[in-house]
Amino acid sequence: MAAGFVGSIPAALLRSQNAHAAIAAAGLSDPAVQSLFTNIAPYALAASFKIVPKNNKIKIATEQTVQMTALVGADGVTPVPTTIWGYGEKGKNNATWPGRTFERHVNDKTLTIKWRNNLIGEDEKPLPFHSGY
């Protein structure tokens with residue numbers, strides 16, 4: 001899998017000096033000025049981060065939203081809102097990245113999940129939704 005991914009990146013961008021030049025040319029911030037691990041990721045097992053089923057059913061929506069992920073702009077200071085694509089409970093506008101936790105136990109009844117695709121493409125139509133493997 002990695003070989004296929006690396007093969008899709010132009011060889012010139014794999015050299016670090018060229019990658020920085022490409023980023024600067026695109027007007028994006030330099031990865032070297034980004035602080036690491038400044039925002040704590042949500043604790044996946046916290047009760048407040050779990051999606052709790054009602055009658056063994058969950059309704060989930062995939063949505064585009066904005067989160068502050070601690071990225072800063074080209075000046076190295078200005079916080080940059082980051083567009084994310086995440087999921088959350090349908091109708092609650094609470095999509096997150098990383099996504100919320102579904103917790104199930106061995107003896108639990110079957111869980112039914114209904115997915116709603118709220119991801120909209122540039123043509124204002126829903127993006128294709130992959131239903132499984």
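The values are calculated or read from the model by the stated rules, or taken from the named source; none is laboratory data. Note that this is a predicted model, so its numbers are computed, not measured. Here the Cβ is made from the backbone with ideal geometry for all residues, glycine too, and neighbour counts use every protein chain on show.
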Qualifying residue in the stretch 74-81 (condition: surrounded by fewer than 13 Cβ atoms within 10 Å (Cβ to Cβ), in a loop (DSSP other than H, G, I, E, B), modelled with pLDDT of 85 or more and out of contact with any Cys (no Cβ under 9 Å at 6 or more places or on another chain)): yes
Matching option when the condition is free of Cβ contacts under 8 Å to residues at least 12 places away in the same chain and more than 28 Å from Ala32 (Cβ to Cβ), among Asn56, Asn107: Asn107
Looking only at the stretch 29-72, and only at residues there that are in contact with a helix residue (DSSP H, G or I) (Cβ under 9 Å, 6 or more places away or on another chain) and part of a loop (DSSP other than H, G, I, E, B), the one that is surrounded by the fewest Cβ atoms within 10 Å (Cβ to Cβ): Tyr43
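Determine, yes or no, whether Thr96 is free of Cβ contacts under 8 Å to residues at least 60 places away in the same chain, surrounded by 12 or more Cβ atoms within 10 Å (Cβ to Cβ), of a type in the set (S, T, N, Q) and over 17 Å from Phe49 (Cα atoms).
Against the criterion (free of Cβ contacts under 8 Å to residues at least 60 places away in the same chain, surrounded by 12 or more Cβ atoms within 10 Å (Cβ to Cβ), of a type in the set (S, T, N, Q) and over 17 Å from Phe49 (Cα atoms)), Thr96 does not qualify.
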